[in-house]
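Undergrad: I have a structure I would like to understand better, so I am pasting it below and will then ask my questions one at a time.
Where a number appears in this text, it was derived from the coordinates with a stated rule and is not lab data. Values in this document were obtained by computation on a predicted structure and should not be read as measured data. So basically every Cβ, Gly included, is an ideal-geometry build from the backbone, and we count neighbours across all protein chains shown.
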C-alpha cells in the first residue's frame with residue numbers, strides 16, 4: 001500500500017518509516033511529490049491531522065497518512081500542546097522550544113512536572129474519504145530539569161519515562177517505537193487496516 005505522508009518533519013518521517021518497516025506500507029513524503037505543507041488551523045490534534053491528510057490526498061491523488069502530535073504539560077494547562085513545534089516561535093526549533101519549556105517550569109516542583117505526548121494519526125483512502133481511519137496514542141511521563149540523551153528529536157531529551165528512569169532521547173529507537181505515543185498509534189492503525197482488509 002503506497003501512502004503519501006503529510007509531514008515535512010524529518011524526525012517524524014524517519015520514525016514513522018522505521019515503525020512501519022515490514023508492514024507492506026510504502027511511505028512517500030509529500031515534499032518528494034512537490035506538495036507544500038498546509039496551515040494547521042484546527043483546534044484539536046485530530047482535526048489538524050485530517051486537514052493535513054486531506055490536503056496531501058487531494059494534491060497527490062494517493063491515499064494519505066497524517067499525524068498531529070504534541071507535548072501536553074500538566075502544570076502549563078496542557079501547553080505547548082497543539083503548538084509544540086512552534087512553542088518558541090520558529091517552527092521545529094527544538095533547542096529553543098526546550099529552553100522555553102524548562103524556563104516555564106523552573107519553579108515547578110518535581111511532583112507537579114507530569115506530562116504526556118499525544119499522537120493522532122489519520123489515514124484517508126482518498127481526499128473525499130467519508131470514514132477515515134483514526135488511531136491515537138499517549139505516552140505519560142515527566143519533564144526533566146535538563147536535557148538527557150542523544151536519540152530522538154523534539155522534546156525527547158527532557159521527557160522522562162518514569163517506569164524506565166530514562167529520557168525518550170536515552171532510549172534506543174526500536175525500544176522507543178514500542179512504547180511511544182506514535183508507536184502506539186501506528187500499532188493501532190495497523191490493527192484497523194487488518195480489520196478493514
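Undergrad: Which order, highest average first, do 24-32, 3-11 follow once you tally other Cβ atoms within 10 Å for each residue and take the mean per peptide? Let's see the in-between values first.
TA: Values: 24-32: 16.0, 3-11: 20.4.
The packing order, highest mean first, is 3-11, 24-32.
Undergrad: How do the peptides 77-83, 33-39 rank, highest first, by the average count of neighbouring beta carbon atoms within 10 Å per residue?
TA: Values: 77-83: 15.6, 33-39: 13.4.
Highest to lowest by the protection proxy: 77-83, 33-39.
Undergrad: For segment 35-75, what does the alpha-carbon gyration tensor say about shape, rounded, prolate or oblate, given a ≥ b ≥ c as the root eigenvalues, a/c under 1.5 as rounded, and a/b over b/c as prolate?
TA: Prolate is the answer for segment 35-75, as a/c is 1.5 or above and a/b outweighs b/c.
Undergrad: If you stretched the chain out fully between residue 46 and residue 21, how much longer would it get, using 0.36 nm times the residue separation minus the C-alpha to C-alpha distance?
TA: The residue 46-residue 21 span can extend by a further 6.6 nm.
Undergrad: Then there is this: Roughly how far apart, in whole Å, are the Cα centres of segment 122-144 and segment 7-65?
TA: Cα centres, segment 122-144 to segment 7-65: 11 Å.
Undergrad: Okay, moving on. Taking every DSSP beta bridge with both residues inside the chain, roughly what % is antiparallel (nearest 5)?
TA: 80 percent
Undergrad: What order, most packed first, do the peptides 64-74, 154-164 have when packing is the mean number of other Cβ atoms within 10 Å of each residue?
TA: My ranking of the peptides, most packed first, is 64-74, 154-164.
Undergrad: Contact order normalised by length for the chain, with contacts defined as Cα pairs under 8 Å and 6 or more residues apart; what percent is it?
TA: It rounds to 18 percent for the chain.
Undergrad: Roughly how many nanometres apart are two label points built 7 Å out from the Cα toward the Cβ at residue 153 and residue 138?
TA: Going from the residue 153 label point to the residue 138 one covers 2.5 nm.
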